[in-house]
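K.L.:
I'd like to ask you about the structure that follows.
The values are calculated or read from the model by the stated rules, or taken from the named source; none is laboratory data. Everything numeric in this text was worked out from a predicted model, so none of it was measured. Cβ: placed from backbone, ideal geometry, glycine included. Neighbour counts: every protein chain shown.
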Amino acid sequence: MTADQGTISTLGHTTYERLRDMILNGELPAGASLQEKKLAERLGVSRTPVREATMRLMTEGLVLRSAGATPVVRRLSVDDFIEVLHIRRLLEVEAAGRAAQTGGSPELSAVAARIAEFRDGVEPTPAEHVAVDDRLHLIIAGLAGSRLLAELIEDLRKKTRIFDMGRVPERFEPGVREHLAIIDAITARDASRAQDAMREHIDNVRASVMSHLRRFF
């Protein structure tokens, strides 16, 4: 790879990450049109990396494009959300059980310490809350020892995050307690308890989000 090719590759990845983050944080909401020229101007890049990033986001299911139409941010239905979360539940419960066989990791301990600060009154920004939540679940997926399992969980989490753009504030404190219960079970090498804790956590997320969605559907 030449220096120019490396620069182009890096720019394409950076553009992809910026667009993905704009989708996940709601800056580009569901249904938003992704026009290459406007996005290129907005991001200060040429249209090529925007086109490449859009194609990558399409393969991940975050963006859709009908024949001949401008790509748009995917809009998930309630049924889509339920289906994706159901699959997440199956995979993340399995991952938690496998992770418990390892007893944890320094990365898990570091995230646990931060979540404990949330429990003790430290209030994170919404962005940090989302980042820590993602980090925890992906660390657990990584500890399961299967790259494919970890990749599937990461992809499914992206899909449910898009649907839940508005977040559910009342889930913060229960979520903190549930996360700490999962971590405690993993570090205790209690696979059954870790699976039960993860299952309860995802079931509670589903119930809370569905209750929130009923206000709009």
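K.L.:
Could you please let me know if I87 is under 26 Å from E170 (Cβ atoms) and touching an Asp or Glu at 6+ places or on another chain (Cβ under 8 Å)? Step through it out loud before you land on a result.
P.N.:
Values: under 26 Å from E170 (Cβ atoms): yes; touching an Asp or Glu at 6+ places or on another chain (Cβ under 8 Å): no.
No.
K.L.:
While we're here: Of these, R74, R65, R56, which one is touching a strand residue (DSSP E or B) at 6+ places or on another chain (Cβ under 8 Å), among the charged types (D, E, K, R), within 25 Å of L149 (Cβ to Cβ) and at pLDDT below 95?
P.N.:
Values: R65 fails: within 25 Å of L149 (Cβ to Cβ); R56 fails: touching a strand residue (DSSP E or B) at 6+ places or on another chain (Cβ under 8 Å).
Sole residue among the options that is touching a strand residue (DSSP E or B) at 6+ places or on another chain (Cβ under 8 Å), among the charged types (D, E, K, R), within 25 Å of L149 (Cβ to Cβ) and at pLDDT below 95: R74.
K.L.:
Can you find a residue that is over 19 Å from the mean Cα position of the chain (by Cα) and closer than 27 Å to I186 by Cβ anywhere in segment 122-130? Working first, answer last.
P.N.:
Keep residues of segment 122-130 that are over 19 Å from the mean Cα position of the chain (by Cα), which gives 122-123.
Of the ones still in play, those that are also closer than 27 Å to I186 by Cβ are 122-123.
Yes, segment 122-130 contains a residue that is over 19 Å from the mean Cα position of the chain (by Cα) and closer than 27 Å to I186 by Cβ.
K.L.:
Check R114, R42, R47, R51 and return the single one that is modelled with pLDDT of 90 or more and in the same structural domain as V209 (by TED's automatic domain parsing). Steps first, answer last, please.
P.N.:
Values: R42 fails: in the same structural domain as V209 (by TED's automatic domain parsing); R47 fails: in the same structural domain as V209 (by TED's automatic domain parsing); R51 fails: in the same structural domain as V209 (by TED's automatic domain parsing).
Every option except R114 fails the conditions.
K.L.:
Do we have F81 as aromatic (F, W, Y), crowded, with 19+ Cβ neighbours inside 10 Å and under 18 Å from the mean Cα position of the chain (by Cα) here? Outline the logic, then answer.
P.N.:
On the way: aromatic (F, W, Y): yes; crowded, with 19+ Cβ neighbours inside 10 Å: yes; under 18 Å from the mean Cα position of the chain (by Cα): yes.
Considered against the rule, which asks whether it is aromatic (F, W, Y), crowded, with 19+ Cβ neighbours inside 10 Å and under 18 Å from the mean Cα position of the chain (by Cα), F81 comes out as yes.
K.L.:
Taking segment 57-70, which residues are touching a helix residue (DSSP H, G or I) at 6+ places or on another chain (Cβ under 8 Å) and surrounded by fewer than 20 Cβ atoms within 10 Å (Cβ to Cβ)?
P.N.:
Within segment 57-70, the first condition is being touching a helix residue (DSSP H, G or I) at 6+ places or on another chain (Cβ under 8 Å), and the residues that meet it are 57, 60-65.
Across segment 57-70, the qualifying residues are E60, G61, L64, R65.
Yes or no, residue by residue, for (1) under 25 Å from E17 (Cβ atoms); (2) of a type in the set (F, W, Y); (3) without any contact (Cβ under 8 Å) to a residue 24 or more places away in the chain:
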{"site": "R51", "(1), (2), (3)": "yes, no, yes"}
{"site": "R89", "(1), (2), (3)": "no, no, no"}
{"site": "E92", "(1), (2), (3)": "yes, no, no"}
{"site": "R98", "(1), (2), (3)": "no, no, no"}
{"site": "P106", "(1), (2), (3)": "no, no, yes"}
{"site": "E123", "(1), (2), (3)": "no, no, yes"}
{"site": "D133", "(1), (2), (3)": "yes, no, no"}
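K.L.:
Can you tell me which residue is nearest to A191 (Cα to Cα) among those in segment 131-155 that are modelled with pLDDT under 95 and not charged (D, E, K, R)?
P.N.:
Restricting attention to segment 131-155, the residues satisfying the condition of being modelled with pLDDT under 95 are 131-134, 154-155.
Add one more test, that the residue is not charged (D, E, K, R), and what stays is 131-132.
Numbers: A131: 25, V132: 23 Å.
Only one residue fits best here, namely V132.
K.L.:
Take P29 and tell me if it is closer than 29 Å to P174 by Cβ, touching a residue at least 24 places away in the same chain (Cβ under 8 Å) and not assigned by TED's automatic domain parsing to the domain that holds I182. Walk me through it before giving the result.
P.N.:
Numbers: closer than 29 Å to P174 by Cβ: yes; touching a residue at least 24 places away in the same chain (Cβ under 8 Å): yes; not assigned by TED's automatic domain parsing to the domain that holds I182: yes.
Answer is yes for this residue.
K.L.:
Next question. Would you check which residues across segment 21-39 are part of a helix (DSSP H, G or I) and at pLDDT 85 or above and list them? Walk me through it before giving the result.
P.N.:
The first filter runs over segment 21-39 and keeps only residues part of a helix (DSSP H, G or I), leaving 21-24, 36-39.
Matches in segment 21-39: M22, E36, K37, K38, L39.
K.L.:
Same structure, new question: Can you find even one residue in segment 34-47 that is touching a residue at least 40 places away in the same chain (Cβ under 8 Å) and either surrounded by 17 or more Cβ atoms within 10 Å (Cβ to Cβ) or β-branched (V, I, T) (or both)? Reasoning before the result, please.
P.N.:
The initial filter retains those residues of segment 34-47 that are touching a residue at least 40 places away in the same chain (Cβ under 8 Å), namely none.
No: segment 34-47 contains no residue that is touching a residue at least 40 places away in the same chain (Cβ under 8 Å) and either surrounded by 17 or more Cβ atoms within 10 Å (Cβ to Cβ) or β-branched (V, I, T) (or both).
K.L.:
Could you please tell me which pairs satisfy a Cβ distance under 6 Å, a separation of 6+ or placement on different chains, a first residue in segment 184-212 that is without any contact (Cβ under 8 Å) to a residue 40 or more places away in the chain, and a second residue that is of a type in the set (D, E, K, R)?
P.N.:
H201/E178
K.L.:
Do the conditions hold for L180, that is, is it modelled with pLDDT of 95 or more and either under 17 Å from the mean Cα position of the chain (by Cα) or part of a helix (DSSP H, G or I) (or both)? Walk me through it before giving the result.
P.N.:
Values: modelled with pLDDT of 95 or more: yes; either under 17 Å from the mean Cα position of the chain (by Cα) or part of a helix (DSSP H, G or I) (or both): yes.
Here the answer is yes, as L180 does meet what is asked.
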